[in-house]
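Participant: Quick one: this structure, given as structure tokens, is what I'll be asking you about.
The values are calculated or read from the model by the stated rules, or taken from the named source; none is laboratory data. Computed from a predicted model, the values in this text were never measured in an experiment. Please note: Cβ atoms are built from the backbone with ideal geometry, for glycine as well, and neighbour counts cover all protein chains shown. The protein model used for the area step is the full one, side chains on, heavy atoms only, and it has no ligands, DNA or RNA in it. Shrake-Rupley method; radii C 1.70, N 1.55, O 1.52, S 1.80 Å.
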Amino acid sequence: METNNNLNPFSKITADKLKCVGEQYQTPLYVYDEALIKQRCKELNNLSAPYGKVIRYALKANTLAGILRIIDQAGLSFEASSLLEVLRAQHAGIAINKILLTSQETYDREGWQVLKPLLKQGLQLNLCSLKQLDDYSQNIQEPYPLSLRLHPGQGSGESASRNTGDAYACFGIHQRDLPAALQKIETAKLTVARIHMHIGSGGNPKLWLKHVDTQLKLIQEHFPAATILNLGGGLKEARMPEEKAADVHELFQEALKKVEAFYQKTGRQLILEIEPGSWIMANSGYGLTKIMDIKSTGAYDFLVCDGGMDLNLRPLLYGARHPLYLVRANGERLFSPFWDAGDRDYVVNGCCCESGDSQTLNALGEIEPRRLKQPEVGDYCIIGGLGAYGSSMAASNYNSHLAPAEVLVKENGETVLLKRRQNLNHLCQNEILYDEFL
Ligand SMILES: *Cc1c(COP(=O)(O)O)cnc(C)c1O
């Protein structure tokens, strides 16, 4: 019988395959699993919604053109967090009318000149503040259906910094500003077609559902023309074996029951929208690093890898825990937290000059060694759960490290390069040497 050389239960990419990819493209390296991305999109497409649904992939989770194309071909729509993200998606071939832009940004005249033709092509704009409302009505005369992001009042995320709904998070129009917003909407004769809330990333599913009620109440009381209920993203994905992912199917069903009850009460059929980023991408990506050195301070044993915070900033940013896999230089799996018992504690570091450049930190930013097995220099340490908020967020040029290459393992096992590794020229190309002024 073939021995199982996979790293986890959800991906079919074997340890040996990752080792080959690492050899071919050099570490550090991001590697993505096409089959898993497609499977996640399919699961979302299969959610049934009697009055219609739109699944928007949150572009900021991973904005690589090759990834966007897979998700586009799977039939999903998109959620953008900045105007440049919209333009980047357009560059990747995404149709503008599939994108909803929800941003904290406000735009000057130049910005509106960029926005106007995009709105004409069907870009949907989700207004998030009173100023954004004012700017919009001053710049746009066409009767485009509008979208409003409202502040939930109460949010939930995996950490405070990923909670986007409490008083310390300024996303969306706060309900204390609702009367002013309604006044502006009436004066400018705007039509609000969509109400949007996003309570945070990876938070409490019960609170996520509670906000369906909050939104429905607001729609009933204040937005007679609204036809779309957007519940945001934030559906939790489980990266570590002990974590529990959000049951998207169940959450969607529960939300639908509320939409159905709303219809019974009001005769209004609402389209349901969700905006998952992590849930689609997190487990579809790996960070491949090579162990360069093994050291000890007596108190702790360290694996020094050729990628750390420059590959995955999330541990340092909020103590996020990622599965760490060890693969022998010959492609044999040495350790997976899903299947193997470890026997030795390690602190796993990158090679930035920063003691916080560690993959083994807790939410307080303290070192929390991980139980692994004893590897050798030259073995691979592979960071799992890195398809979302990996390359899009990492401190990639710190210490003048080069942003890694990014590679896709296709369903048929072929590998394709989606992004070349940076070179020294990329680091320096926008710099102006002082000598030029002399
Ligand atoms: C970040 C974000 C998302 C996606 O969040 P995930 O936790 O990755 O699902 C969706 N909608 C908005 C408005 C966001 O800011």
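Participant: Quickly rank 397-408, 166-177 as a protection proxy: mean count of other C-beta atoms within 10 Å, highest first. Don't skip to the answer; put the middle values down first.
Facilitator: Numbers: 397-408: 18.8, 166-177: 15.6.
For the peptides 397-408, 166-177, the packing ranking is 397-408, 166-177.
Participant: Please give every one of the lysines within straight-line cross-link reach of LYS295, meaning a C-alpha to C-alpha distance under 18 Å, and leave out same-chain neighbours fewer than 8 residues apart.
Facilitator: List returned: LYS373.
Participant: When only C-alpha pairs under 8 Å and at least 6 residues apart count, what is the relative contact order of segment 315-438, in percent?
Facilitator: Working: 183 pairs, mean separation 28.2, N = 124.
Over segment 315-438, the number comes to 23 percent.
Participant: Right, something else. Could you name the lysines in cross-link range of LYS42, using Cα to Cα under 19 Å and dropping any fewer than eight places away on the same chain?
Facilitator: Within reach: LYS12, LYS53, LYS98, LYS236, LYS410.
Participant: Tell me, what does the Kirkwood hydrodynamic radius of segment 221-312 come to in angstroms if you use every pair of distinct C-alpha atoms? Don't skip to the answer; put the middle values down first.
Facilitator: Working: mean 1/r = 0.0573 Å⁻¹.
For segment 221-312, the Kirkwood estimate is 17.5 Å.
Participant: Further, regarding this structure: Helix 178-187 sits at what angle to the longest principal axis of the chain, using alpha carbons and giving 0 to 90 degrees rounded to 10?
Facilitator: Long axis of 178-187 versus the principal axis of the chain: about 60 degrees.
Participant: Rounded to the nearest 10 degrees, what's the angle between the helix 205-222 long axis and the longest principal axis of the chain, both from Cα atoms, 0 to 90?
Facilitator: Around 20 degrees separate the two axes.
Participant: Something else: Take the solvent-accessible surface of the protein heavy atoms, probe 1.4 Å, and return the percent of it on segment 175-260 that carbon and sulfur atoms account for.
Facilitator: With neighbouring chains kept in place, the figure for segment 175-260 is 53 percent.
Participant: Same structure again: How big is the chain along each principal axis, measuring the range of its Cα positions in Å and listing the largest first?
Facilitator: Here the spans come out as 68, 67, 43 Å, largest first.
Participant: Can you pull the one-decimal nm distance between simple spin-label points at ASN430 and ARG109, each 7 Å off the Cα toward Cβ?
Facilitator: Inter-label distance under the simple model: 2.5 nm.
Participant: For q values of 0.14, 0.21 Å⁻¹, compute log₁₀ I(q)/I(0) with the Debye formula on a Cα-only model of segment 1-97, without solvent.
Facilitator: -0.67, -1.09
Participant: How many percent of all Cα-Cα pairs in segment 206-249 sit more than 11 Å apart? Provide the component values of the computation, followed by the final result.
Facilitator: Values: 688 of 946 pairs.
Summing the P(r) tail past 11 Å for segment 206-249 gives 73 percent.
Participant: Still on this structure, I have one more. Counting alpha carbon pairs within less than 8 Å and at least 6 residues apart, what relative contact order, in whole percent, applies to segment 133-194? Before the final figure, lay out the partial values.
Facilitator: Values: 67 pairs, mean separation 25.8, N = 62.
Here the relative contact order equals 42 percent.
Participant: Using Cα pairs closer than 8 Å and at least 6 residues apart in sequence, work out the relative contact order for segment 201-316, in percent. Show your work: numbers first, answer last.
Facilitator: Working: 125 pairs, mean separation 27.8, N = 116.
The normalised contact order for segment 201-316 reaches 24 percent.
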